[in-house]
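Accompanying notes for the structure given below.
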Amino acid sequence: MTTRLILVRHGETDWNLEGRYQGQADLPLNERGREQAKLLAERLRGERIEAIYASDLSRAFETAKIIAEVLGQEVKTLESLREVDTGVWTGLTFEEVESRYPRHLREWRADPLGVKRLEGESYLELFERTIAATREIVEAHPDQMVLIVGHGGNMKCIILDALGVGADRAIEIASRFAPDNASLHILQYDEDGVLIQTLNDVCHLDRLPKK
């Protein structure tokens, strides 16, 4: 049995533009983000996608909804597909975190996998819940194509797991890979394991004006 996952990172938000930690803040797409989602929907038109899952945060759900309307599908939301909870960092730039929480930032940098953001989550928690959700989706859809719309953190976790990278090395490797807004990634799961077919494809965004 073969399951193909199409992974999509949500479209752009204003905080993406400003370089602010979004975490689990419930931000909508901006106008450019909506245009990105529409172009992605057109890219996927005609694909035999049989289920669509999304984070329940607005930026991911809105991206998924735009695609679902073109494909004639419904969107199933999962809290387990949310971005990592960045706690008190939410809404801040890295420079602001560095200025306001220097001691905590040093502790986090020493162990970014295990140390939780203040009032938030650790990357280990994000990794574990994302992978658990992905495996449940794959098992529920044998011989089907499924779309998952989530966040940059989710994309990294799923792809690293597909590469056989355990949580212990996830942070080291994740820092070398940055999924773009409205990017597309395709993975194939079967009895032999996982085949990564496409990574960070954004050719559907070529029609957007350059920033």
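The table below lists the values:
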{"quantity": "Most positive-pole-ward Cα, Val146, Leu105, Cys203, against dipole of the chain from beta carbon charges", "calculated": "Cys203"}
{"quantity": "Ranked packing of 191-204, 49-62, 135-148, 24-37, most packed first, by mean Cβ within 10 Å", "calculated": "49-62, 24-37, 135-148, 191-204"}
{"quantity": "Proximal charge balance of Leu40 [Cβ under 14 Å; K/R count +1, D/E count -1]", "calculated": "0"}
{"quantity": "Dipole magnitude of region 69-192 about its Cα centre (Cβ charges: Lys, Arg +1; Asp, Glu -1), debye to nearest 20", "calculated": "560 debye"}
{"quantity": "Segment Asp190-Glu50, extension gain: residue separation times 0.36 nm, minus the distance between their alpha carbons", "calculated": "48.7 nm"}
{"quantity": "Estimated [θ] at 222 nm from DSSP helical runs (n ≥ 4, -39500 (n - 2.57)) normalised by residues in the chain, nearest 500", "calculated": "-12500 deg cm²/dmol"}
{"quantity": "Charge dipole (debye, nearest 20) of the chain; +1 at Cβ of Lys and Arg, -1 at Cβ of Asp and Glu", "calculated": "560 debye"}
{"quantity": "Crossing angle, helix 123-140 versus the chain [Cα axis fit, 0-90 degrees, rounded to tens]", "calculated": "10 degrees"}
{"quantity": "Theoretical FRET efficiency, 1/(1+(r/R0)^6), r = Cβ-Cβ of Arg100 and Ala178, R0 25 Å, to 0.05", "calculated": "0.55"}
{"quantity": "Value of relative contact order over the chain, rounded to a whole percent, pairs C-alpha under 8 Å and six or more apart", "calculated": "32 percent"}
{"quantity": "Inter-centroid distance (Cα atoms) of region 89-115 relative to region 140-211, Å", "calculated": "26 Å"}
{"quantity": "Pairs from Lys76/Lys156; Lys116/Lys210; Lys116/Lys156 whose Cα-Cα separation, in the structure shown, is over 25 Å", "calculated": "Lys116/Lys210"}
{"quantity": "Selection from Leu81, Ser122, Leu17, by position along the positive dipole direction of the chain (Cβ)", "calculated": "Leu17"}
{"quantity": "Options (i) 19.7; (ii) 21.3; (iii) 17.4 - which one matches Kirkwood radius over Cα pairs in Å as calculated here", "calculated": "(iii)"}
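Any read-out appearing in this document is the output of simple, stated calculations on the displayed coordinates, not a laboratory observation. A quick note: this is a predicted structure, and the numbers were derived from the prediction, not measured. Virtual Cβ from ideal backbone geometry, glycine too; neighbours counted across all protein chains shown.
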